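Working notes, beginning with the structure itself.
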Amino acid sequence: DWNMPDYANEAIEKVRAQVGQEEVILGLSGGVDSSVVAALLHRAIGEQLTCVFVDNGLLRLNEAEQVMLTFARNLGVKVIHVDATEQFMGHLKGVSDPEAKRKIIGREFVEVFQAEAQKLPNAKWLAQGTIYPDVIESAGSKTGKAHTIKSHHNVGGLPETLNLKLLEPLRELFKDEVRELGITLGLPHEMVYRHPFPGPGLGVRILGEVKQEFADLLRRADAIFIDELRAADWYDKTSQAFAVFLPVKSVGVMGDGRTYEYVVALRAVETQDFMTAHWAELPHSLLGKVSNRIINEVRGINRVVYDISGKPPATIEWE
Ligand code: XMP
């Protein structure tokens, strides 16, 4: 039975003892785990921490700005912002298989991150937001118990190639404890209670080949959906919610004209463990408002559908 402020102080002391005067690198993604690690390490070792934020061009709307605002501007954390959009888009050109896309995005991430890490020759540590369930999951997969249906974003080889020691200050915490720690460290509620976002990002929410134009449309549609969920107090009642870009065109009418544009699917689920999930029974009025806004505000989308598939048999993501 412990309380979080005490735990935070102990964790800070532990990091200081472990790291001493050495420098640490952290890949900051905008997700809960790496954000909490950044806040904790900044509190513990200040200037000895350098974060690397890689924009792969597949992030949510204004993600880079928000990360830079929260960490660099407000907290004074050293953050290197790498815009690698063109590199990722270039390698994804012509690729439509979901697993192939995941592999490319994972590989390019490692490459970009490694190049940045090499610019910091004094760094001795690589910090990661590994939490207790990740520890169990990877132990399971070594014994062959857990099998991966979708390969997850994996940066497993990084510490070895970079010759860095691994720093995993959240290793003994469950997700709800990580969130509590984040709040204790002063991170904003919206950041700490954010829905999970997959490593490959919009890359697996644009079905088939990823194109810049599709990513731009999807980002805007997704932001409208999330805005309206928050405004209607539904965000915290869903475990994950997002828009999916369907590269099919359908016919519509607007004013006197006929349109022939793309479709966006909305997905919102309720789940405890993400292994099974129910589609969220969002109010029709909310769905209607989201649909109207997307179609009116995002030129290029003329139809919105709602995904009412459970997991199983459907997965949460569409790829
Ligand atoms: P599925 O689609 O398998 O998703 O029902 C279950 C949870 O896992 C997330 N997910 C991923 N996360 N890399 C990630 O980091 C991935 O490749 C990936 N694929 C799915 C998904 O968002 C959901 O929370």
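Label separation (residue 17 vs residue 275): 3.5 nm, computed from points 7 Å beyond Cα along the C-beta direction. Relative to the current alpha-carbon distance between residue 100 and residue 174, full extension at 0.36 nm per residue lengthens the span by 23.6 nm.
Below 15 Å, Cα to Cα, which aspartates and glutamates can residue 124 reach? Residues fewer than 8 away in the same chain don't count. Here the aspartates and glutamates satisfying the reach criterion relative to residue 124 are 22, 23, 47, 116, 160, 168.
Roughly speaking, what is the centre-to-centre gap between region 160-213 and region 40-89 when only Cα atoms are used, to the nearest Å? Taking the Cα centre of region 40-89 as reference, the centre of region 160-213 is 12 Å away. Taking Cβ atoms as reference points and 9 Å as the exclusive limit, the residues near residue 32 contribute a net charge of +2, counting Lys and Arg as +1 and Asp and Glu as -1. Label positions at residue 193 and residue 234, each projected 7 Å from the Cα along the C-beta direction, are separated by 1.7 nm.
Each value in this text was obtained by applying a stated rule to the coordinates, not by laboratory testing. Owing to the predicted nature of the structure, the values given are computational and were not obtained by experimental measurement. Glycine also receives a Cβ, built like all others from the backbone with ideal geometry; neighbour counts cover every protein chain displayed.
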